Number of protein chains: 2
Amino acid sequence: MIDIEKANETAVSRMMEARPILKTVATARDVIPGMRENLLLHAGPPITWERASGPMRGAIVGALIFEGKATDWESAEKLVTSGQIDLEPCHEHNSVGPMAGVTSASMKVYVVENVTHGNMAYSNLNEGYGKVLRYGAYSENVLKKLRWMNDTMGPVLAEALEMLDGIDVRALLAESLHMGDEGHNRNKAGSILFTTKLAPAIGKATNNRIVASTILRFLGENALSVLNPVMAACKAMADAGHGVEGSTVMTVMARNGTDLGIRVSGLGDQWFTGPVGQPDGLYFSGFTADDASGDIGDSTITETAGIGAFAMATAPAIVTFISGTPEMAVDTTMRMYEITVGEHKAFTIPVLGFRGTPVGVDIRKVVELGIRPQINTGIAHKDAGVGQVGAGLVLPPANVFEDALIAYAEKYLS
Amino acid sequence: MIDIEKANETAVSRMMEARPILKTVATARDVIPGMRENLLLHAGPPITWERASGPMRGAIVGALIFEGKATDWESAEKLVTSGQIDLEPCHEHNSVGPMAGVTSASMKVYVVENVTHGNMAYSNLNEGYGKVLRYGAYSENVLKKLRWMNDTMGPVLAEALEMLDGIDVRALLAESLHMGDEGHNRNKAGSILFTTKLAPAIGKATNNRIVASTILRFLGENALSVLNPVMAACKAMADAGHGVEGSTVMTVMARNGTDLGIRVSGLGDQWFTGPVGQPDGLYFSGFTADDASGDIGDSTITETAGIGAFAMATAPAIVTFISGTPEMAVDTTMRMYEITVGEHKAFTIPVLGFRGTPVGVDIRKVVELGIRPQINTGIAHKDAGVGQVGAGLVLPPANVFEDALIAYAEKYLS
């Protein structure tokens, strides 16, 4: 007889005990398990070129040009559709990437180690705002910035991080949640905490003052600069709770722009997928809901690990960005307590009397109560390369939880 | 017939319209009006050596050793008591300083200009934690750090600030209030915002990588590094509201460890003073209320300008530091609305639906309602040089508001 409650407690305890340390920056092919020259990692569950959204296709094209394998859209498309390039989810390689999340063998990635349990996680570097690969842009300027990040910033960050003996991302997040961040869509405090911690070491890691100054400005002026290490840290924490026999805790939730997929701790590596939702939120000037791509990105690993929309009560100022009211922010966190197993020991919410954030979505509760996990998200333009058009709230499709519960019943209860 | 309401509205509007820009760092004697070799500025209303508290005396001794005018406590005391050294309030020289606030002619100070109205304000540099002059410590290590700040960090900050064309402290504060700061006792977000803004320029302002790295660590690891520029900015804002004929708005509130003094917009430069309170709060390990000095410092210029305890609703995490509950933090802000004239246009509180912070204490309301302005404060040890022993809440003595109201009646209504 399976003790589901106990299995879930084990899964969530492991998530909370995980201590993710950002160790260094390295080249994807040297560190990501299974990375190879003809492989592109992407956000969300598995996807083909044929079913891929605009921003996903654009990012694939950009990554192939970046790798010198293609010169334009047509040659890139041909490579992928002819089967010379494989597409696989980041999540199947201990990795995560925001929005399209496309990561190729030559790209530099953050390397996070969960020093409690020893598992590793990886994420690419954040490009900042405007025309960027993760939104499917692939112009020469986009690639030029990627090359600067890869060849100039990456090695300096690697040396700075090693000099600092790593950065404890869980501690950084705990602090940033007390500074109005929720860790997914609002990372203002976390990004400057990150920059401030790195700054003394960056000055020492390069003897080129202009390079040091440019990196410090690039990190400090990008309110998302810490998002990618945070996502890798959340991946390391969530993975620590994966694979617990009998557990109904969700350990992955990710979107590729077409499908959203989840994985469940006790159900191995099977994906349960359904059509992505359309985020509801605030659009930047000149854009409307008609411009929006379907929900996209691995950044929902934050909600999976107990922050993001789950911690929205800590971030009342976020409503200026995603719509809603400060009360709604608190209500969202309160609602997430109903579908989660635990309250986080490391992440607390001052306005709720320092109560721990809701952590560990129990797919049984989602189905029973009809309450789906809330997601805070950026909204991509549906066409490749336009970029971010807004930010808002979105829900996963209900069927993924139902399908997972049926699979659970088949595996454990039949 | 004086229209008091209109006068108060003018005073508070001027406070809110003031835009304080941190321009540079300079030597006190070169910029502070009336600064001279035999003058020491200090926090709070006027004080003599005989009536000065332990930390105030220690800071006076330290400043005189720093200036090369004394070698030890005895020689310093002799200089002051014989009348060779003058003691005058910072506030009488457009200046403010935290805790003892002692500022001498050679010390480097932040230079803030209110670019709306043209008035200037100044504050010394923050020394960080531990044994520091502002808590009355004056050992060789304390002076060594002051010399490094003055000779090494000061010039680099000056060049960096000029390179950046200054920093808009009102904008920085508006942002940090959305990141869990209240701007007086919690300046975690503001200090890293400050560090992050300076970082790219610091790297360029010196060709010594070790110096740049040391300054970045010194600023980034000190959660109070922005307090002094914030205080100077609040002084510049409060001064903009001073001198409005007929106004009953408080424009100065400051403590020297023995007396608390206030000034009122329509009552010129007269001080109204009374005995300081004993802060009530949390003590660091090994200390109790018996160790506490009386309330000390000019940092109450923050409450005067509409932040600090007045904005405590934005900073629920502060209660881990000063005692109390997150509800108490909101209640404090709500209570301050009852004794203030306006709601700040630049400083808003997300959890209160982005309502402006209460700004401009009306001394009539304080007396009528018996509600005194709340102060968040650090607590100094009563003996010179021990340092900070805790943090908490304190109130000004009631008589200062009553005395000011009587003076107002005599001036305007007789």
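What to note about this one:
- Inter-copy spacing of A:Asp165 label points, which lie 7 Å from Cα along Cα→Cβ, given in nm from shortest upward: 4.3
- Near-label residues of segment B:321-360 by backbone N, under 17 Å of a point 7 Å along Cα→Cβ of A:Phe354: B:321-330
- Whole-angstrom gap from segment A:228-277 to segment A:16-54, using each part's C-alpha centre: 14 Å
- Summing Cβ point charges (Lys, Arg +1; Asp, Glu -1) relative to the Cα centre of segment B:244-413 gives a dipole of roughly 360 debye.
- Value of [θ]222 nm, deg cm²/dmol, for the protein assembly as shown, DSSP H segments ≥ 4, -39500 (n - 2.57) each, nearest 500: -10500 deg cm²/dmol
- Ranked for footprinting exposure by Cβ neighbours inside 10 Å, fewest first, B:Asp403, B:Asp290 give B:Asp290, B:Asp403.
- Placing pseudo-labels 7 Å out from each Cα toward the beta carbon at B:Asn399 and A:Glu245 gives an inter-label distance of 7.8 nm.
- With R₀ set to 51 Å, the beta-carbon distance separating A:Arg36 from A:Lys365 gives a calculated FRET efficiency near 0.80.
- Computing FRET efficiency as 1/(1 + (r/R0)^6) for A:Tyr337 and B:Glu221, where r is the C-beta to C-beta distance and R0 is 35 Å, gives about 0.50.
- Classified by the C-alpha gyration tensor, chain B has a rounded form. Its axis ratio a/c, with a ≥ b ≥ c, is below 1.5.
- With K and R counted +1 and D and E -1, the other residues having a Cβ less than 12 Å from that of A:Arg255 yield a net charge of -4.
- Volume per residue of the C-alpha convex hull in the protein assembly as shown, rounded to whole Å³: 159 Å³
- Under 27 Å from A:Lys6, Cα to Cα: lysines that are on another chain or at least 8 residues apart: A:Lys235, A:Lys345, A:Lys365, A:Lys411
- Each Lys or Arg adds one and each Asp or Glu subtracts one; over the other residues with Cβ under 14 Å from the Cβ of B:Lys188, this totals -3.
- Cα-based Rg / Dmax (Å) for segment B:185-284: 18.8, 55
- Prolate/oblate/rounded label for segment B:244-413 (Cα gyration tensor, a/c 1.5): oblate
- Note on B:Asn141/B:Met328: beta-carbon distance plugged into 1/(1 + (r/R0)^6) with R0 of 56 Å gives a FRET efficiency of 0.90.
- Ranked list, fewest to most other Cβ atoms within 10 Å of each Cβ, for B:Arg209, B:Arg263: B:Arg209, B:Arg263
- Segment A:252-354: GluC sites (Glu not before Pro) in DSSP loop, at most 13 other beta carbons within 10 Å: A:Glu338
- Given chain B, longest segment not containing exposed loop chymotrypsin sites (Phe, Trp or Tyr not before Pro) (DSSP; at most 14 other Cβ within 10 Å): B:130-283
- Net length gained if the chain between A:Ser285 and A:His117 were fully extended (0.36 nm per residue, minus Cα distance): 55.9 nm
- Helices that extend 24 Å or more along their long axis by alpha-carbon positions and average at least -0.5 on the Kyte-Doolittle scale are, among the DSSP H runs of chain A, A:188-205.
- Inter-copy label distances at A:Thr152 (7 Å, Cα→Cβ; nm, one decimal): 2.9
- A:Arg170, B:Arg255 arranged by Cβ crowding within 10 Å, fewest neighbours leading: A:Arg170, B:Arg255
- Sequence-distant lysines (8 or more away, or on other chains) whose Cα lies within less than 18 Å of A:Lys144: A:Lys69, A:Lys108, A:Lys131
- Contact order, relative form, for chain B: 21 percent (alpha carbon pairs under 8 Å, 6 or more residues apart, mean separation divided by residue count).
- Maximal additional length on extending the B:Glu50-B:Glu17 stretch stands at 7.8 nm, based on 0.36 nm per residue less the C-alpha distance.
- At 7 Å out from Cα toward Cβ: A:Glu410 inter-copy label distances (nm, ascending): 9.1
- Segment B:95-163 shape via C-alpha gyration tensor axes, a/c threshold 1.5: oblate
Computed from the coordinates by the stated procedures, all read-outs in this text should not be read as laboratory data. Fair warning: this is a prediction, and the values are worked out from it, not measured in the lab. With ideal geometry, Cβ positions are generated from the backbone for all residues, glycine too; neighbour counts draw on all protein chains shown.
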